[in-house]
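Participant: One structure coming up, written as structure tokens, with questions to follow.
The values are calculated or read from the model by the stated rules, or taken from the named source; none is laboratory data. Note that the coordinates shown come from a computational prediction; the quantities given were computed from them, not determined experimentally. So basically every Cβ, Gly included, is an ideal-geometry build from the backbone, and we count neighbours across all protein chains shown.
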Amino acid sequence: MNFAQVIGQYYTKESLIQSVQKGRIPHAQLFLGKTGWGGLPLALAYAKYISCLNRTETDSCGECSSCRKYATFTHPDLHFSFPFPREKGEKSSEIIGEWRNAILDNPYMGILQWMQVLDAEKKQANIPLAECREISKSLSLKPFESEFKILLMWLPEYLGKEGNSLLKLIEEPPPNTIFLLVAENPDKILGTIISRTQSVRLKPIEEEALYDFLIKNEKLEEEKARRISTISQGDYTLLTDLLTETESPYFELLKAWMSICVRKSMPEIVAWSEHLGGFSKENLKGFLLYSIEILRGVVVFPHAEEIIPWAGRERVFIENFNKLTYSINDMELIVKNIEMALSNIERNGRVPLVLTDLSYVIARNLKK
Ligand SMILES: [Zn+2]
């Protein structure tokens, strides 16, 4: 993983590169941000850059002996730690092969995808005590080949109290040791760990970077690339969800939902909400974001038809749907309520319940 392969995040890349060039690499850093913003790929590219023997102003060389080992994540001075279920063993090193393959395949993966790789979707994952001991042991050795030993810990949220055994190590690390922690949710990390690390706070990926990625790597047409890069809101995970929904079944789903709301039939609303409760969280989020963007189109349409990014069936839908709303205010209210439902679902609200309430509000604000 080179910096060039990390999508967007220009500002963070630059400041990480500067830290290496000025010889001021903080010894413990915590990358914070949604999985889909790319904390893990950034940390991987950073570690490679730190270790590269022939780095350029902007990236690792890709050819030196260090880079070659980093290409398969098998450099002896790069240590990984990550959550895994008890059934898989006591230490990360026991499933390092699976881990390497998984991050080679998709460095933007989230915990759910990782658990799928391990065939353990329903199991609890954590970073156990034996693993913490192992970390202390391997970091007490001198670096083998590089100037630095690097420990990359993915999702320290999964460290229990056991994590406290690492504190002294993070506070006074052995010489030439660097900790890179990649996390999503600071509320779930031991406060003692947060206070001993320097935060690298990520932002969503720049829309233009996602757009370029879709054009160059996915060979999408401009209009579709524009639409998907806008809807995915800087989140690569969401972007791939939207991509796999190629001829967006979201559209049919939205149409079905709105017809139910127009019919104002409570039993149908309840059944529909139960049905969507079976969706994966990411898929459901993708659908709600898609709905928000389309219905925003309905709000904007009467005033500024020309700025609507949709064509084809979506555009026809937007034109027709206008006739079913009483006023623009009602439509804005509907959009606002979908946004609220989305954030409720992100905070683990009960999906069928949230969707039933939401559909009820929508039904009330539409003509029959
Ligand atoms: Zn190199």
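Participant: From the list Ala130, Ala120, Ala102, exactly one residue is more than 16 Å from the ligand (Cβ to nearest atom) and at pLDDT below 90. Which is it?
Facilitator: Unique residue meeting the criteria: Ala120.
Participant: Something else about it: Within the stretch 216-239, how many residues are touching a Ser or Thr at 6+ places or on another chain (Cβ under 9 Å) and assigned to a helix (DSSP H, G or I)?
Facilitator: 4
Participant: Would you mind finding the one in Lys22, Lys34 that is away from the ligand (no atom under 16 Å from the Cβ) and either touching a residue at least 24 places away in the same chain (Cβ under 8 Å) or farther than 17 Å from Ile178 by Cβ (or both)?
Facilitator: The conditions single out Lys34.
Participant: When you go through Ile170, Ile189, Ile178, Ile228 one by one, which is the residue that is in contact (Cβ under 8 Å) with a residue 12 or more places away in the chain and outside the structural domain of Phe80 (by TED's automatic domain parsing)?
Facilitator: Of Ile170, Ile189, Ile178, Ile228, the one residue that is in contact (Cβ under 8 Å) with a residue 12 or more places away in the chain and outside the structural domain of Phe80 (by TED's automatic domain parsing) is Ile228.
Participant: Answer yes or no as to whether Lys123 is under 23 Å from Arg201 (Cα atoms) and either in the same structural domain as Gly163 (by TED's automatic domain parsing) or under 17 Å from the mean Cα position of the chain (by Cα) (or both).
Facilitator: Criteria not met by Lys123.
Participant: Then there is this: Quick one: in the stretch 220-234, which of the residues that are aliphatic (A, V, I, L, M) and crowded, with 19+ Cβ neighbours inside 10 Å is modelled with the highest pLDDT?
Facilitator: Once the filter is applied, the top-ranked residue is Ala225.
Participant: Select from the stretch 37-63 the residues that are away from the ligand (no atom under 12 Å from the Cβ) and not in a helix (DSSP H, G or I) and list them in ascending order.
Facilitator: If the condition is that a residue be away from the ligand (no atom under 12 Å from the Cβ) and not in a helix (DSSP H, G or I), then Gly38, Glu57, Thr58 are the ones that fit.
Participant: For Ser343, indicate whether it is hydroxyl-bearing (Ser, Thr, Tyr) and more than 21 Å from the chain's Cα centre (by Cα). It would help to see each step written out before you state the result.
Facilitator: Working: hydroxyl-bearing (Ser, Thr, Tyr): yes; more than 21 Å from the chain's Cα centre (by Cα): no.
Here the answer is no, as Ser343 does not meet what is asked.
Participant: Among the listed residues Thr35, Thr12, which satisfies the condition of being at pLDDT below 95 and in contact with a helix residue (DSSP H, G or I) (Cβ under 8 Å, 6 or more places away or on another chain)?
Facilitator: Thr35
Participant: Additional query: Taking the stated definitions as given, is Ile345 touching a residue at least 24 places away in the same chain (Cβ under 8 Å) and touching a Gly at 6+ places or on another chain (Cβ under 9 Å)?
Facilitator: On the way: touching a residue at least 24 places away in the same chain (Cβ under 8 Å): yes; touching a Gly at 6+ places or on another chain (Cβ under 9 Å): no.
Criteria not met by Ile345.
Participant: Here's a follow-up. Could you list all residues from the stretch 37-54 that are crowded, with 20+ Cβ neighbours inside 10 Å and either over 27 Å from Asn126 (Cα atoms) or free of Cβ contacts under 8 Å to residues at least 60 places away in the same chain (or both)? Full working, then the answer.
Facilitator: Quick first cut of the stretch 37-54, residues crowded, with 20+ Cβ neighbours inside 10 Å only: 37-52.
Selection gives Ala45, Lys48, Tyr49, Ile50, Ser51, Cys52.
Participant: So, in the stretch 177-206, exactly how many residues are more than 13 Å from Leu151 (Cβ to Cβ), over 20 Å from the mean Cα position of the chain (by Cα) and either in a strand (DSSP E or B) or modelled with pLDDT of 95 or more (or both)?
Facilitator: 1
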